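Q: Okay, here's the structure, questions in a sec.
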Amino acid sequence: MTVQMDMVVADRLVKVFPTPDGRGKRAVNGLSFRVREGQIYGLLGPNGAGKTTTLRMLSGLMAPTSGTARIGGYDVTTHVGDVKRVIGFLTANTGLYQRLTARELLVYFGQLHRMSADQAAARADHLIEWLGIGDFVNLRCGALSTGQKQRVNIARALVADPPILIMDEPTLGLDVLSNRIILEYIKRERDQGKTIILCTHYLDEAEDMCDQIGLLHDGKLIAEGDLESLRSLSGEERLSSIFLKLIHAEETVGAIVP
């Protein structure tokens, strides 16, 4: 039997942002979780729960106040360069170079990852076909629609074929066609053995996509497991109802226990 590796390990991550009163804002509060090879892990929560801060710490863009994390075996604070080489990081508002065509941008990022011009072009062609962006691949990025830009952004994140994908709201604001193309591609990447962390406000997407789910509230993980285990824990069927039930339980406990 093949043993799946833990590709992402967060251990008691804390992030405190300074505030004018000197107390600090604890955006992430002792967060621990693991994501295995070939899994989609949904890190879900409302605005302000700490999701984006967590993803930035995991990707090496932001240092934790305390705690540790390892991505593909690399510590996110001491081996930042190695971490960035093994991840593809995507957000809904990642910018593109407006004057480059989509094809030029993909080849450029491939060469940034030390591919030869021929290798980068071949990888770009593969992604162009898989993500269905051939109709607009020779347009400048500044002329693309929101959905087209997001498909190009996903191709950019995948151009080096990284083993780990970190995706923050990848389908935010997209039309139905672009949404489906992107979600199906994420599933195919998982089926190819990629490890994926997915943050989304669309809980029906998470129900369909995620192998494991972590529910984040006020910077803390209040529940974790597959959908069936969360249903058993909460007594609710839909993920939105599960989340609301568990948040209420967490807040009730917090009001009773100092």
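Q: Condition first: open to solvent by 60 Å² or more (accessible area, probe 1.4 Å) and farther than 18 Å from L174 by Cβ. Now tell me which residues in segment 191-207 satisfy that.
A: D191, Q192 - these are the residues of segment 191-207 that are open to solvent by 60 Å² or more (accessible area, probe 1.4 Å) and farther than 18 Å from L174 by Cβ.
Q: Let me ask something else. May I ask you to say which residue of S66, S32 is among the polar types (S, T, N, Q), over 30 Å from G193 (Cβ atoms) and modelled with pLDDT of 95 or more?
A: The match here is S66.
Q: State all residues of segment 166-178 that are assigned to a helix (DSSP H, G or I) and touching a residue at least 12 places away in the same chain (Cβ under 8 Å); if no residue qualifies, say none.
A: L177, S178 - these are the residues of segment 166-178 that are assigned to a helix (DSSP H, G or I) and touching a residue at least 12 places away in the same chain (Cβ under 8 Å).
Q: Going residue by residue through segment 208-224, is there one that turns out to be buried (at least 19 other Cβ atoms within 10 Å of the Cβ), within 17 Å of T94 (Cβ to Cβ) and of a type in the set (A, V, I, L, M)?
A: No - not one qualifying residue is present in segment 208-224.
Q: Which residue is nearest to I186 (Cα to Cα), if the candidates are limited to segment 92-106 and must be within 23 Å of the chain's Cα centre (by Cα) and surrounded by 15 or more Cβ atoms within 10 Å (Cβ to Cβ)?
A: A92
Q: Follow-up question, since we're still on this one. If I go through segment 1-29 residue by residue, how many of them are more than 26 Å from E184 (Cβ to Cβ) and open to solvent by 40 Å² or more (accessible area, probe 1.4 Å)?
A: 16
Q: Any residue that is more than 22 Å from K51 (Cα to Cα) and of a type outside the set (D, E, K, R) - is there at least one of those in segment 161-169?
A: Checked against the condition, which is being more than 22 Å from K51 (Cα to Cα) and of a type outside the set (D, E, K, R), segment 161-169 yields no hits at all.
Q: Would you mention how many residues in segment 74-94 are assigned to a loop (DSSP other than H, G, I, E, B) and of a type in the set (A, V, I, L, M)?
A: Looking only at that region, the number is 2.
Q: OK, next. Out of (1) under 21 Å from K149 (Cα atoms); (2) part of a strand (DSSP E or B), the odd one out for R70 is which?
A: All conditions pass for R70, except number (1).
Q: Checking the conditions here, which among L100, L106 is touching a Phe, Trp or Tyr at 6+ places or on another chain (Cβ under 9 Å) and at pLDDT 90 or above?
A: L100
Q: Let me ask something else about it. Of the residues in segment 202-240, how many are under 23 Å from N179 (Cβ atoms) and without any contact (Cβ under 8 Å) to a residue 40 or more places away in the chain?
A: Counting residues in segment 202-240 that are under 23 Å from N179 (Cβ atoms) and without any contact (Cβ under 8 Å) to a residue 40 or more places away in the chain gives 8.
Q: Oh, and also: If we only count strands (runs of 3 or more DSSP E) wholly inside segment 1-62, which ones have 1 or more residues that are on the phi > 0 side of the Ramachandran plot?
A: 6-17, 25-36
The values are calculated or read from the model by the stated rules, or taken from the named source; none is laboratory data. Only a predicted model underlies this, so the values are computations on that prediction, with no experimental measurement involved. Neighbour counts are summed over all protein chains in view; Cβ atoms, including those assigned to glycine, are modelled from backbone coordinates with ideal geometry. Side chains included, ligands, DNA and RNA excluded: accessible areas come from the protein's heavy atoms. Shrake-Rupley method; radii C 1.70, N 1.55, O 1.52, S 1.80 Å.
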